[in-house]
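Asker: Quick one: the structure is below, questions incoming.
The values are calculated or read from the model by the stated rules, or taken from the named source; none is laboratory data. None of the values given here were measured: they were computed from a predicted structure. So basically every Cβ, Gly included, is an ideal-geometry build from the backbone, and we count neighbours across all protein chains shown. For the accessible areas, the whole protein counts, side chains as well, though only heavy atoms, and no ligand, DNA or RNA atoms are used. Shrake-Rupley method; radii C 1.70, N 1.55, O 1.52, S 1.80 Å.
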Amino acid sequence: MNPSTPASTAEPGHWDQRYWQGTDGWELGRPAPPLERFLRSHPLAPRPPGQVLVPGCGRGHEAALLEQLGFVAIGLDFSSEALAEARGLHGPERPGLRWLQADLFDQQALEAAGLAPGSLSGVVEHTCFCAIDPARRPDYIATVCRLLAPGGWLLGLFWCHGNPGGPPWGSDPEVVAAQLGQAGLVAELWEPASGSVDQRPDEWLGLWRRSSAPG
């Protein structure tokens, strides 16, 4: 654990409690509108088939949407309560939808669950990046790059607010783009999101691809 991370927010129990108490302010009761609109209708939207991970999936709305669109979706969260609620809302595991309780930063646990390097066609980011300590963002990006197959994609809705503290911690659009580019991801789209809910006016939507070139 990074010393700058409040202990509670880096532990599953903290998030379990927030789900039990209904104090998870990120819950929309549906997939994030900018992500759903993009996936359903944008000409750049990735198309199935493919195995796609939703890290920090919470109640699983984006994972369920991806399955509906024809992907094999994995909703990952380290909160058992989040995944229990996801199963209650969207049903148990089936061929196109899988729920995985694990820490995104635990490489051994991911590989034991079948998430080996290069095993994913895509990653959909919604509220995981803003929930982790900003000091761990390079680890997050490195994990995504490791899991993506060459040519794989990252579709993200990033909450680039400037409010102090967190979670949700804010971010700067230029810094996010630079971090992803430095990791070898190539931007196909990076722009202010349209259709965000009123309480999130500073969301940015991006699509990046891992280079398919050898080496």
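Asker: Share of antiparallel DSSP beta bridges in the chain, in percent to the nearest 5?
Answerer: Bridges in the chain that DSSP calls antiparallel: roughly 45 percent.
Asker: Using the heavy atoms of the protein chains and a 1.4 angstrom probe, tell me the accessible area per residue for the chain in square angstrom.
Answerer: So the chain comes to 44 Å² accessible per residue, rounded to a whole number.
Asker: Given just the C-alpha atoms of segment 59-215, how large is their convex hull per residue in cubic angstrom?
Answerer: Measuring per residue, one finds 128 Å³ for the Cα hull of segment 59-215.
Asker: Could you check which residue among V176, V197, V54 shows the biggest mean-square fluctuation in a GNM of the chain with a 10 Å Cα cutoff?
Answerer: V197
Asker: What residue among G156, G58, G195 has the largest mean-square fluctuation in a Gaussian network model of the chain, using Cα springs under 10 Å?
Answerer: It is G195.
Asker: Would you be so kind as to identify which of P117, A178, P168 lies farthest towards the positive end of the dipole of the chain, taking Lys and Arg as +1 and Asp and Glu as -1 on Cβ and the Cα centre as origin?
Answerer: Value: P117.
Asker: Let me ask you something else. Please work out how much length the chain gains when fully extended from A84 to A135, using 0.36 nm per residue of separation minus the C-alpha to C-alpha distance, in nm with one decimal.
Answerer: Computed gain between A84 and A135 is 15.5 nm.
Asker: Magnitude of the Cβ-charge dipole of segment 99-155, K/R +1 and D/E -1, about the Cα centre, nearest 20 debye?
Answerer: 140
Asker: Given the C-alpha centroids of segment 41-95 and segment 130-154, what is the distance between them in whole angstrom?
Answerer: 17
Asker: Moving on. What is the extension gain from E27 to R40, computed as 0.36 nm multiplied by their sequence separation minus the C-alpha to C-alpha distance, in nm to one decimal?
Answerer: In short, 2.6 nm is gained.
Asker: Given a 1.4 Å probe and every protein chain left where it sits, what share in percent of the accessible area of segment 79-134 is carbon and sulfur?
Answerer: Answer for segment 79-134 is 51 percent, counting heavy atoms of protein chains only.
Asker: Based on Cβ point charges of +1 for Lys and Arg and -1 for Asp and Glu, what charge dipole magnitude is obtained for the chain about its Cα centre, in debye rounded to the nearest 20?
Answerer: About 600 debye.
Asker: Round to the nearest 0.05 the FRET efficiency obtained for Q182 and Q108 when R0 = 22 Å and r is the Cβ-Cβ distance.
Answerer: 0.25
Asker: Another question about this same structure. Magnitude of the Cβ-charge dipole of segment 45-116, K/R +1 and D/E -1, about the Cα centre, nearest 20 debye?
Answerer: Here segment 45-116 has a charge dipole of around 320 debye.
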